[in-house]
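> Input: one structure, supplied below.
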Amino acid sequence: MTYYSQTGNTKKVAEALARGAEKAGASVVVKGVEDVDPSELGGYGLICIGTPVHWFRPARRVREFLKKLPNLEGKSGVAFSTHGGLGAGWSLSSIGKALRVKGASVLGSLTTVAANYHHRPFVLHKDRPNDDDLRKFEEFGGTVTKALQATLNT
């Protein structure tokens, strides 16, 4: 699982997603995109990529990371994001498309509202992601892990 987090919000949801996957029996590695060599991803069965939404698309660091994805034939992927209140834009579809272009099947995606610092001195959605948001990401992590396990057992 890899993500970029400018303010810590995307990191929080990545960790919640990982907890859910671990509870469902997966072994999980969580790292920021700056700490991942994209060529390493071929060694994993499920690749989860997360981003904050910047101008309705993935953050620049994530877009650059996506360009370096290796062949992911036979792998599965998940896209996730955090946004300041206007929605995911095309962040999730951009990540999903990049995964599919490299051969991965996309199992799903999830986004949530997160604190938006672009309106300083006011912070919109200051208390997000909240416990309910994190619980949804944890449940989603378990759901996609179980779905992947079911496909591997057939």
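> Fully extended, how many nm does the chain gain between SER27 and VAL101 (0.36 nm per residue separation, minus their Cα-Cα distance)?
Taking SER27 through VAL101 to full extension adds about 24.1 nm, to one decimal.
> Oh, and also: Sequence gap at least 6, Cα distance under 8 Å: using those rules, report the relative contact order of the chain to the nearest whole percent.
27 percent
> For the chain, count the residues as N, evaluate 2.2 N^0.38 Å, and divide the Cα radius of gyration by that value, please.
0.98
> Taking DSSP loops as anything outside H, G, I, E and B, show the longest stretch in the chain free of chymotrypsin sites (Phe, Trp or Tyr not before Pro) there with at most 11 other beta carbons within 10 Å.
Result, exposed sites excluded: 56-121.
> Here is a follow-up. Report, to the nearest whole %, how much of the accessible area of the chain belongs to carbon and sulfur atoms, 1.4 Å probe, protein only.
Carbon-and-sulfur percentage of accessible area, whole number: 51.
> If you don't mind, another one. Could you sort 12-18, 126-132 so that the peptide with the highest average Cβ count within 10 Å comes first and the rest follow in order?
12-18, 126-132
> Tell me which residues come under 5 Å, amide H to amide H, from GLN6 once H is placed; ignore anything under 5 positions away on its chain.
none
> For the ranges 67-75, 19-27, what's the packing order if you count other beta-carbon atoms within 10 Å of each residue, average per peptide, and put the highest first?
Descending mean neighbour count gives 19-27, 67-75.
> Provide the per residue accessible area, probe 1.4 Å, for the chain, rounded to a whole number of square angstrom.
On a per-residue basis, the chain sits at 54 Å².
> Okay, moving on. Tell me, in nm to one decimal, what length is gained between LYS126 and LYS68 on full extension, where the rule is 0.36 nm per residue of separation less the Cα-Cα distance?
Gain on stretching LYS126 to LYS68: 17.5 nm.
The values are calculated or read from the model by the stated rules, or taken from the named source; none is laboratory data. Only a predicted model underlies this, so the values are computations on that prediction, with no experimental measurement involved. Counting neighbours? That spans all protein chains shown, and the Cβs are built from the backbone with ideal geometry, glycine included. Accessible surface is based on the protein model in full, side chains and every heavy atom, while ligands, DNA and RNA are left aside. Shrake-Rupley method; radii C 1.70, N 1.55, O 1.52, S 1.80 Å.
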